[in-house]
Each structure stands twice: as C-alpha cells, then as structure tokens.
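The values are calculated or read from the model by the stated rules, or taken from the named source; none is laboratory data. The structure presented is a predicted model; accordingly, all values stated were derived computationally and were not measured. Every residue, glycine among them, receives a Cβ derived from its backbone with ideal geometry; neighbour counts consider all protein chains shown.
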C-alpha cells in the first residue's frame, strides 16, 4: 500500500531520537494517513488503542458469525424443500467462512484465533445480542435473513471503507454475501406471505418477534454509546448508531409493504419534514438484560459453542500431532523451516498469519 | 423406452439419489458442532455437493420434494451406511472414507458409460474426488495422530465395517462392474488405513440378517427418527409451496 512507505520512512527517520519523539513522529504519520483516507496496513505503526479497539470490534464480529450459525443451523434438518435446504446450508457455511476471514483479519493485528475463542468461551468478549433470540419457526429463517442480515449490511457497508486495510477488504467480500442472504430471507418471507393462511401467519409472527431486536443491533443511542466518538475519529466507524438505525427503518418500511407484512410499531409514520420515518421507543431495558446474559438463549448458545470446542479438542490435538510427525519424518535439511510441505496445512489455523514472513525477516 | 426399463431407471435413480440425500442430511447435522471452524466449511461443502447430486437424481425419478418429504421409511432405497448417525468425528470420517471411495469408483465407471447417469457422474466425480481426499487426510491425522484419536478411528472403522458389503450388491439399472469395484475399493481403503497405522477390519462386511438391506427399503432404527425430523414441517402443511 501507498501508506506503507511513508510509515517506514518515518520509522527510519525516528531512529536515534528519544521515545516520546518516536511516538509523536509515528502518530503524526498515522493521523495523516487516516485523514487522507488511506488504509492502515498490518506492518504500519498504529496507536495501541486503535489496535485494541479494532481487535475487540473484529473479534466481536467474528464471534457473531460463528454464534450466528446456531439459530439458523437449528432449521437445516427441517427445511421444508430441498431448494430451501441447499440455500440455508450454503448460508450457514458462508457464516463459518466469514468467521474465518475475520479471525484472520484479527490475527494481522497480532491476536490469534485461539486467544479470541477463549475470550468468547469465558464471556470476556461478546457477540451480537441478536443471536440470543430463538428461531421458533421456519419463518424465523426468513426474518433473520431479511431483518438481521439487512441490519448487519446497513452496519457493515460503511466498514468496507474502514481505515484498517485487512478489515475493510474482508468486509467487501462479506457484504456481497450478506446481501445475497438478505435477498434470500426476503424471498423466503414473500413465499410464506403469499402462501397459505398458516404460512402467512408464520411470517407475520416472525417479523413481530425479530423487528425490535433488529433495531437494537445498531447499539445504544448515540448519547449513550461509549466507544463511538474515538472510532469515528479513527474512521473505524463511519456513521453513528442512530443514523444507521434510521437508514435501516427507512429501507424496511417499503419492503414490508411489498411483502404484505406489517411492522409491529404503531408509532411508525413518515415524517415529511425530516424526510424519514418516525418510529416508536426502543425498550433498552430488554437490550441491556440480553446483553447482561439474561436473553432467551445466551446460556444455550455459549454452552453449545463451548461443547463443540471441548468435544473437538481431541481432533485438533490429533491434527497437530500428525503434522508434527510429518514434519519430523520429512527431515528437512538444516535451516529449512517450511513446515507446510506435508500439504496438510494447519487444520486448527491457530498459527498467526504473518508468521512465515516474520521467520523470513528473522532469517534475513 | 419400455415401461420396465423406465421403472428400472427410476429405481436406480432413487437408489443413488437417496444415498446422496441421506448422507447430505447427516452431514448437515454437524452445522454448528464441528471440531474446528475449517471443518464447518468443509462438511457443509460436502453436504451441499451431495444435496446437489440428490436433487438431480431424484428429479430423474419424479418430483424431488415429493420423493424426499412424502415417502415412508420403507420406500427409501439408500444404503444403510449413509444413514448411520454421525457419532464422534472419527465415525463421520470413517463413513466418509468408505462412502466417498465407493462413490468415486461408481461415478468414474458411470461417467465412462453411455447410460442415463453418465452426465451427472462426469460432473460429480470431481466433487467426490475432493470428498475422498478430505476423508483420507482426516483418516491419516486421526489414525496416526494421538493414542486417543488412533483408538477412536480404529473403533469407527470397525463399527461401520458391517455396512460396507452392501455397496457392492448389484443395483438394477446401474451398469457397473461391482466385483472390480469391490477389489479397487478394498485396495484404496486398505492403503489409506495402512498409512493411517490402521488395518482393514476383519469382521463380516454385511449383517447376519439376510432379509435384505437399504436397497430393499430395510433400514436401521435411527433412520426413522431422521426422516421424522426431516419431513415434519413439509408434511405439516400439505400442498403448501415454500
């Protein structure tokens, strides 16, 4: 990237100066790059707080992808047609893939997947609270696609321009797939809405249950959002929670009309003056309760995640043991450190990205 | 085409289609439960390939959804091997190794022929080569990994062994050299197991109950519950479209 050279130049120029001058010189280059809408790349200098904010945000996003597989996987074995089953399986698979890109993006900041998963499993990092609601009927699969993925896209499209390069690039690919998910959810609901009276009722019930939690996905109101201001300054975040929430409501209202379904908010009305829809008050008490762990599925989601991880430990250990045996058997000539030659890669993927480069650098 | 050849072709499509449908369903049960994130992607990938094959094959026999959702257990023609519950990861991998090796040999022969399954087989054989490679790599890792994984892989290969003989029973309308396939299968699976520090199990490759097996619509007990789950929603809304 264009920004890498000036950063390194700054690093070289800063050599020999005292610690504070170093930091100031690096920070000036970083600030200028962010101000010029350039991308910050893994090897560029960045403030510690920028790094930790990104790790927290990317990890939470990655965790949301893998926890988010659960409510939808709940319906794979009961999907009512083979076409729907194929679409749903592909969607849940995409989410696992998104988890992989995002954990890799976090690894470029020096935090490995194992550490992040451990934080998820021990409750030290969060995932999107929306996945603490249950999928009770088939229509919930549609409502998640239309509303939850729709809200996620509204949140995530601006992240394609996020200042951190690997995250921005991961988001470009993720948003393309999410937009497909959103369309399939809408199409699923449309089929139900236009189907039998029972199917229509199923669709309406799902929208009734998912609408408000979807609005909560944008986070607390702007005046209560603790991380927003700094993240906006760093261009990790591009729009405020309330702006994005309003944008989402404005998108959903005409779509609900086309679906022949109603949104469960008596206060929802077009405001000519503002050029936006007004909507009712959000129950933030519920939001905080679910966030605290008292949602309908918090316990279930994290228990299943931990169980899958714990029950899979012997498999990951076997893969590591086998890879080690293969490396020993290959008996590489002295100085040869390429451990990927057995062709199996690292099935756990727990080796931080960039390790090979660091080795190369260490040897150079 | 005479009525009887048409019936034969339909029955053959059902046999091959049900294998793919049922194994795809079992693999789909792993979603959210896999031992590592890469396997969430891999198992779903294999399940999707098999579901794609199943949809083509069932459509050759009739309406795919009517066939998948409205038949009773006794009308399914899949091998008992593919309906076996996932068990631990070693059982899933042993089932994959046995079935994907068989399916690769089957599709390779069908692709070379001129029968109704040649176009599908030509396309699917590429998918199945990946399935077999995936199963082989994991058999090696588990068999030659830790003491615990070795023991679990050994138990899995033995537990599923008695369902393997059925793969080489003739199926009318599927014109392949079954004996040649059996020999090639034993060689291929035997080679993978040896490299995984395991051996071909010694027990009988089919059950003692000779009344028939999956191809005659006789299944194992867990299959009924699998179908109950799979068919419940579709059957609850007769005539609805989804």
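You will find that of A:184, A:204, the residue that is under 23 Å from residue A:100 (Cβ atoms) and at pLDDT 95 or above is A:184 and no other. Beta carbons closer than 8 Å, at least 6 apart along the sequence or on distinct chains, pair a first residue in the stretch B:148-167 that is crowded, with 24+ Cβ neighbours inside 10 Å with a second that is at pLDDT below 95 and not in a helix (DSSP H, G or I) for B:164/B:205; B:164/B:206.
Quick check on the stretch B:30-37. Is at least one of its residues modelled with pLDDT of 95 or more, in a helix (DSSP H, G or I) and more than 7 Å from chain A (Cβ to nearest Cβ)? No, there is no match, as no residue in the stretch B:30-37 is modelled with pLDDT of 95 or more, in a helix (DSSP H, G or I) and more than 7 Å from chain A (Cβ to nearest Cβ).
Candidates B:114, B:108: the one that is over 17 Å from residue B:48 (Cα atoms) and at pLDDT below 95 is B:114. For the stretch B:44-57, the count of residues that are assigned to a helix (DSSP H, G or I), farther than 27 Å from residue B:232 by Cα and in contact (Cβ under 8 Å) with a residue 40 or more places away in the chain is zero.
Going by what's in this entry, would residue A:249 be described as part of a helix (DSSP H, G or I), in contact with a strand residue (DSSP E or B) (Cβ under 9 Å, 6 or more places away or on another chain) and modelled with pLDDT of 95 or more? Lay out the reasoning, then the answer.
Working: part of a helix (DSSP H, G or I): yes; in contact with a strand residue (DSSP E or B) (Cβ under 9 Å, 6 or more places away or on another chain): yes; modelled with pLDDT of 95 or more: yes.
Yes: the conditions hold for residue A:249.
Go through (1) within 13 Å of chain B (Cβ to nearest Cβ); (2) part of a helix (DSSP H, G or I); (3) crowded, with 22+ Cβ neighbours inside 10 Å for residue A:83 and report which single condition fails. Every condition holds for residue A:83 apart from (3).
The one condition from (1) under 24 Å from residue B:216 (Cβ atoms); (2) within 14 Å of chain A (Cβ to nearest Cβ) that residue B:148 does not meet is (1).
In the stretch B:62-84, which residues are outside any helix (DSSP H, G or I) and either out of contact with any helix residue (DSSP H, G or I) (no Cβ under 8 Å at 6 or more places or on another chain) or more than 14 Å from chain A (Cβ to nearest Cβ) (or both)?
Within the stretch B:62-84, B:63, B:71, B:72, B:76, B:77, B:78, B:79, B:84 qualify.
Per the listing B:199, B:205, B:240, the residue uniquely more than 14 Å from every other protein chain (Cβ to nearest Cβ), over 22 Å from residue B:22 (Cα atoms) and either free of Cβ contacts under 8 Å to residues at least 60 places away in the same chain or not in a helix (DSSP H, G or I) (or both) is B:199.
Which is within 9 Å of chain A (Cβ to nearest Cβ) and at pLDDT 95 or above, of B:13, B:47? None of the others qualify; the one that does is B:47. Listed by position, the helices (runs of 4 or more DSSP H) enclosed by the stretch A:124-200 that each have at least 2 residues that are over 28 Å from residue A:288 (Cα atoms) and within 14 Å of another protein chain (Cβ to nearest Cβ) are A:165-193. Of the listed requirements (1) modelled with pLDDT of 95 or more; (2) in a helix (DSSP H, G or I); (3) more than 10 Å from chain A (Cβ to nearest Cβ), residue B:87 misses just one: (2). Between A:313, A:318, A:256, the distinction of being closer than 30 Å to residue A:73 by Cβ, within 13 Å of another protein chain (Cβ to nearest Cβ), crowded, with 17+ Cβ neighbours inside 10 Å and at pLDDT 90 or above belongs to A:318 only. Would you mind stating whether residue B:185 is more than 14 Å from chain A (Cβ to nearest Cβ), in contact with a helix residue (DSSP H, G or I) (Cβ under 6 Å, 6 or more places away or on another chain) and surrounded by 12 or more Cβ atoms within 10 Å (Cβ to Cβ)? Yes, satisfied. Taken together, the residues in the stretch A:281-320 that are without any contact (Cβ under 8 Å) to a residue 24 or more places away in the chain, within 20 Å of residue B:153 (Cβ to Cβ) and in a helix (DSSP H, G or I) amount to 8. Criterion first (farther than 30 Å from residue A:165 by Cβ, crowded, with 17+ Cβ neighbours inside 10 Å and within 14 Å of chain B (Cβ to nearest Cβ)) does residue A:295 satisfy it? Answer is no for this residue. Scanning the stretch A:72-80 turns up at least one residue that is at pLDDT 95 or above, within 14 Å of chain B (Cβ to nearest Cβ) and farther than 24 Å from residue A:299 by Cα. Could you tell me whether any residue of the stretch B:133-145 is touching a residue at least 24 places away in the same chain (Cβ under 8 Å), away from chain A (no Cβ under 14 Å) and in a helix (DSSP H, G or I)? The answer is no, given that none of the residues of the stretch B:133-145 is touching a residue at least 24 places away in the same chain (Cβ under 8 Å), away from chain A (no Cβ under 14 Å) and in a helix (DSSP H, G or I). Consider the stretch A:98-118 and keep the residues that are within 19 Å of residue A:41 (Cβ to Cβ) and surrounded by 24 or more Cβ atoms within 10 Å (Cβ to Cβ). The one that is nearest to the other protein chains (Cβ to nearest Cβ) is A:103.
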